[in-house]
2 protein chains.
Amino acid sequence: MQKNIKITTREENFPKWYLDVIESADLAEHSPVKGCMVIKPNGYAIWENMQKILDKNFKESGVENAYFPLFIPESFLKKEAEHVEGFSPELAIVTHAGGEKLSEPLVVRPTSETIMYATFSKWISSYRDLPLLINQWANVVRWELRPRLFLRTVEFLWQEGHTAHASEKEADDRAREMLEVYKKFSEEYLALPVIVGQKSESEKFAGAKITYTAEAMMQDGKALQMGTSHNLGQNFAKAFDVKFLDEKNQEQFVWQTSWGVSTRLIGALIMAHSDDKGLVLPPKIAPIQVVITCIFKDSDEESRVVKYAKEIENELKNRNISVKIDQRDLRPGEKFFEWEKRGVPVRIEIGPKEVDSHMIVYRRDTSEKESLNIPIETCANKIVKLLENIQTNLFEKALKFRDEKIINVDSLEEFIKEIEKGNFVCAHWSGEKETELKIKEETGATIRCLPFDMKIDTGKCVYSGKPSNGRVIFAKAY
Amino acid sequence: MQKNIKITTREENFPKWYLDVIESADLAEHSPVKGCMVIKPNGYAIWENMQKILDKNFKESGVENAYFPLFIPESFLKKEAEHVEGFSPELAIVTHAGGEKLSEPLVVRPTSETIMYATFSKWISSYRDLPLLINQWANVVRWELRPRLFLRTVEFLWQEGHTAHASEKEADDRAREMLEVYKKFSEEYLALPVIVGQKSESEKFAGAKITYTAEAMMQDGKALQMGTSHNLGQNFAKAFDVKFLDEKNQEQFVWQTSWGVSTRLIGALIMAHSDDKGLVLPPKIAPIQVVITCIFKDSDEESRVVKYAKEIENELKNRNISVKIDQRDLRPGEKFFEWEKRGVPVRIEIGPKEVDSHMIVYRRDTSEKESLNIPIETCANKIVKLLENIQTNLFEKALKFRDEKIINVDSLEEFIKEIEKGNFVCAHWSGEKETELKIKEETGATIRCLPFDMKIDTGKCVYSGKPSNGRVIFAKAY
């Protein structure tokens, strides 16, 4: 089943390298249905870990899970003008079902604002029903002509949070709070620093008042949007008549938010940390954190080695580490190679020589090997520390890489040069949509965000020369 | 948001009672899309608990999760003749996407045998790739004209396991092993006894060689199929060319199984245990196992009562019990009523009088109340025991109820009488399809299963008088 493919180097061909890493780590593949992917067990296990952590965070912030229909009547989608305009080119439509033509076509959900809020309008009648904090884990469909595993597929898995509030401030606070959840998740678990900020008008979500975003840098210097959180204002509330009686018995429209992350995050994880040997996973998200490879020549050696491996496994499991013992009868090199490609953070090699309280410990991130000749409990404690160390190291490496590649520029010439080099560019912008579009046409770069920590720093727009109040982040993006 | 509806009694109108219980416990509702349901947070939390337990069991048996596309090319479905015949009346079809008519229509998956096995044929080449043990948690769509919340909806959530093996015996063992997982889950967690056995030819899954089933009895005496597990033989392997080289280097088709349970199980849970006051949940599946209702008249009382409630909560949480404190400013009766309707197994009432190490403990299953005047740690231990006791009591009650309602009959007259009374009937059957169909037409009852523990007991078919080798279970079914 597993092919021994040679991984293209990043330098040689970054997009090809990305696909090679996915194939050699057995994460996903294109399906027979054009544009749809099959998420294989190794890839799905990463998604399950992401779900577990995010779901816990959502619940701790008071959000409850629910499930809404896959299908949306076409007429619902049309109720919010910008929303339907944004999504209509990407829709998949069910026209026939149960052997008959449907009287109204059904859209396969590209996102669930419309179907959910039609229901919210029945659930909400008083300020006592607010805030309403709902999340769903689901599949969504957006027709993509140029699919790319994890990054852009016709169907993908995601979570979508949808909340309703009694005041604009409360909704905006919630939108920012969920962005903060995404930021923490990216940085603490995926070891991937993000820039948080606000999208420009032309890049915001179709139907939102404000879109907040968390943007990360990949190893080719391109940006990847990790998650977005939208302050929807009252746009959808008005379209779907989501109203409540306030404390003074006055009828008001609710203020809403929506926010989501998807299986795209797996693509980000790959492109941020992996190397020319294959996948590199941060320990906190790795389905297998430690693999113990058993090396033996005969069954007598095998039983001694496996016995020792199980003792180590036990010590590690007691420390909440997820461990796998590899006792397959393969050449050591083959085993090592496979676990490297799969990105397991730590490998312990056990052969007959190691059985007397020795072990050889290999860390995937730096390829360093260490021989430990200490009691097994002490080893286990060292491995806990080592995993923490790998997690920190990956984050710091990514942070340093990114920070060196964010360049302040003050002329269009420099702008183009730095974008071509694969950098993020931090430049003054007049705030005009036309300028933004021209820059996109001429350089391929888009405004990733107006960072929250943007300094008030008057200057001149890098393109139009008109006055600007601060620098925004431009980059080519996935 | 929550309406105070009056629950119809079971005696009065069982189907109406079922819907009233769902509505008053706020579990689900019909969506604006015909036939599709919205699973509300209280209902979804039950599903999440089911998923957690089943998923753990699957993984312990070596199964890995993956994810396959929602869409299936129409031509795939047609490759297995019985399969397409069984499913074609229920299909939803995407004909347009991305603004264009598709060259080949896509079916929204009603089940994933075809799309998965087209991929399995690429994954499997040698006996070393076997067994392949895959599960997916997903939504599926089967066009239903008479939808019923949880029991029969156009879209539902489920898991579908799909495995491939090198021998027929291994596949059959796996199909039976997974049925056993479902049986244990039903009995130990849902407190719901099941009869396990084999489906008759006409009731088996479209495309299967043998279908195994776990059947439960609802309070109206109807049967509900809790889960099925199929030995698919080589039917799909031949249709999708899933082959492997065996140890002798001979090419062979694999032997396959598939097995699934769905959100239907929530419907079963409701109809098995609930009463005229509303939902009753077995503690092992209840999202909230204990609710502590705080009763107070002023803020001084409130702070004393809530402080005490938190101490109790703490003791219970240390014992892995899921607890909710209800300190809303509502009348005690209102609170009690709400938690009863929601099926929380144990309620602790705390008022100012109870603060000095008293508490009043109410169990939902029997409506018994007890006043405990013992130290808080002892109380907590008692509540752990009480929850176990409730779990056992619900199972035993359901078992007794069912066993009293399985009736051996030897004439068609008796058969009709017992079915009309809402019993399961255990009767001789000749094994002929025509007889089975005639019995269905004349009595509304179907063969639920040929039980595994069927005694070899020669007799005469209750309908045709022809020889029979044993009694099978007939019932009306959901």
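The values are calculated or read from the model by the stated rules, or taken from the named source; none is laboratory data. These numbers were taken from a predicted model, which means no experiment stands behind them. Backbone-built Cβ (ideal geometry, glycine too); neighbour counts: all protein chains shown.
Of the strands (runs of 3 or more DSSP E) lying entirely inside the range B:418-478, those carrying at least 2 residues that are farther than 14 Å from B:Glu203 by Cβ are B:424-428. For the condition facing chain B (nearest Cβ under 10 Å), at pLDDT 95 or above and buried (at least 19 other Cβ atoms within 10 Å of the Cβ), A:Ile7 does not qualify.
Residue under question is A:Ser75, and the condition is that it be closer than 24 Å to B:Glu144 by Cβ and either in contact with a strand residue (DSSP E or B) (Cβ under 7 Å, 6 or more places away or on another chain) or in the same structural domain as A:Leu265 (by TED's automatic domain parsing) (or both); does it hold? When the stated conditions are applied, A:Ser75 passes them.
Checking each residue in the range B:31-48 for being out of contact with any Phe, Trp or Tyr (no Cβ under 6 Å at 6 or more places or on another chain) and either more than 10 Å from chain A (Cβ to nearest Cβ) or aromatic (Phe, Trp, Tyr) (or both) picks out B:Ile46, B:Trp47.
Residues that are among the aromatic types (Phe, Trp, Tyr), under 25 Å from B:Glu85 (Cβ atoms) and in contact (Cβ under 8 Å) with a residue 12 or more places away in the chain do occur in the range B:141-151.
Condition check ((1) among the acidic types (Asp, Glu); (2) closer than 30 Å to B:Phe236 by Cβ) across all residues:
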residue	(1), (2)
B:Lys248	no, yes
B:Ser262	no, yes
B:Pro282	no, no
B:Ile292	no, no
B:Glu301	yes, no
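I'd like to know if the range A:246-253 contains one or more residues that are of a type outside the set (A, V, I, L, M, F, W, C), in the same structural domain as A:Glu168 (by TED's automatic domain parsing) and surrounded by 23 or more Cβ atoms within 10 Å (Cβ to Cβ). For the range A:246-253, residues of a type outside the set (A, V, I, L, M, F, W, C), in the same structural domain as A:Glu168 (by TED's automatic domain parsing) and surrounded by 23 or more Cβ atoms within 10 Å (Cβ to Cβ): absent. Here B:Val63 meets each of (1) touching a residue at least 40 places away in the same chain (Cβ under 8 Å); (2) of a type in the set (A, V, I, L, M); (3) under 19 Å from B:Lys204 (Cα atoms) with one exception, condition (3). Within the range B:18-30, the set of residues being more than 10 Å from chain A (Cβ to nearest Cβ) and of a type in the set (A, V, I, L, M, F, W, C) comprises B:Leu19, B:Val21, B:Ile22, B:Ala25, B:Leu27.
For A:Thr443, the stated conditions hold: it is under 20 Å from A:Arg471 (Cα atoms) and in contact with a helix residue (DSSP H, G or I) (Cβ under 8 Å, 6 or more places away or on another chain). Every test in (1) touching a residue at least 60 places away in the same chain (Cβ under 8 Å); (2) surrounded by 18 or more Cβ atoms within 10 Å (Cβ to Cβ) is passed by A:Ser167 save one, and that test is (2). A search for C-beta distances below 7 Å between a residue of the range B:20-31 that is closer than 16 Å to B:Asp275 by Cβ and any residue that is of a type outside the set (Asp, Glu) and modelled with pLDDT under 95, counting only pairs 6+ apart in sequence or on different chains, returns B:Asp20/B:Ile5; B:Glu23/B:Ile5; B:Ser24/B:Ile5.
Restricting B:Glu354, B:Glu315, B:Glu377 to residues that are assigned to a helix (DSSP H, G or I), surrounded by 15 or more Cβ atoms within 10 Å (Cβ to Cβ) and modelled with pLDDT under 95 narrows the list to B:Glu354.
Checked against (1) without any contact (Cβ under 8 Å) to a residue 40 or more places away in the chain; (2) outside any helix (DSSP H, G or I), A:Lys385 passes all but a single condition, namely (2). Is it the case that the range B:388-406 has a residue that's surrounded by 13 or more Cβ atoms within 10 Å (Cβ to Cβ), in a strand (DSSP E or B) and either in contact with a Phe, Trp or Tyr (Cβ under 6 Å, 6 or more places away or on another chain) or not assigned by TED's automatic domain parsing to the domain that holds B:Phe205 (or both)? Yes: one or more hits.
Scanning the range A:1-53 for residues that are touching a strand residue (DSSP E or B) at 6+ places or on another chain (Cβ under 6 Å) and hydroxyl-bearing (Ser, Thr, Tyr) gives A:Ser24, A:Ser31, A:Tyr44. Considering the range A:49-68, and only residues there that are touching a Phe, Trp or Tyr at 6+ places or on another chain (Cβ under 8 Å) and within 10 Å of chain B (Cβ to nearest Cβ), the residue that is surrounded by the most Cβ atoms within 10 Å (Cβ to Cβ) turns out to be A:Tyr67.
Being free of Cβ contacts under 8 Å to residues at least 60 places away in the same chain and in a strand (DSSP E or B) is the requirement here; does B:Ala214 meet it? Judged against the criteria, B:Ala214 is a match. Of all the numbered requirements in (1) under 21 Å from B:Ala175 (Cβ atoms); (2) over 26 Å from the mean Cα position of the chain (by Cα); (3) not hydroxyl-bearing (Ser, Thr, Tyr), B:Ile53 misses one, and that requirement is (2). Scanning the range B:357-386 for residues that are touching a Phe, Trp or Tyr at 6+ places or on another chain (Cβ under 9 Å) and charged (D, E, K, R) yields B:Arg364, B:Glu368, B:Lys369, B:Glu370. Cβ-Cβ contacts under 6 Å between residues 6 or more apart (or on different chains), taken from a first residue in the range B:87-102 that is more than 23 Å from B:Gly35 (Cβ to Cβ) to a second residue that is in a helix (DSSP H, G or I), are listed as B:Gly99/A:Pro89. Consider A:Thr213 carefully, then state whether it is more than 14 Å from every other protein chain (Cβ to nearest Cβ), more than 21 Å from A:Asn65 (Cβ to Cβ), of a type outside the set (D, E, K, R) and crowded, with 24+ Cβ neighbours inside 10 Å. The answer is yes for A:Thr213. Here is a check on your reading of the model: is A:Glu80 touching a residue at least 40 places away in the same chain (Cβ under 8 Å) and over 25 Å from the mean Cα position of the chain (by Cα)? Yes; evaluated as a whole, the condition is true for this residue. Of all residues in the range A:357-368, those being part of a strand (DSSP E or B) and at pLDDT 95 or above number 3.
Could you say which residue among A:Lys455, A:Lys438 is farther than 29 Å from A:Tyr18 by Cα and over 28 Å from the mean Cα position of the chain (by Cα)?
A:Lys438 is the lone residue from the list that is farther than 29 Å from A:Tyr18 by Cα and over 28 Å from the mean Cα position of the chain (by Cα).
One residue stands out in the range B:142-155 among those that are facing chain A (nearest Cβ under 10 Å) and assigned to a loop (DSSP other than H, G, I, E, B): the one that is modelled with the lowest pLDDT, namely B:Leu145.
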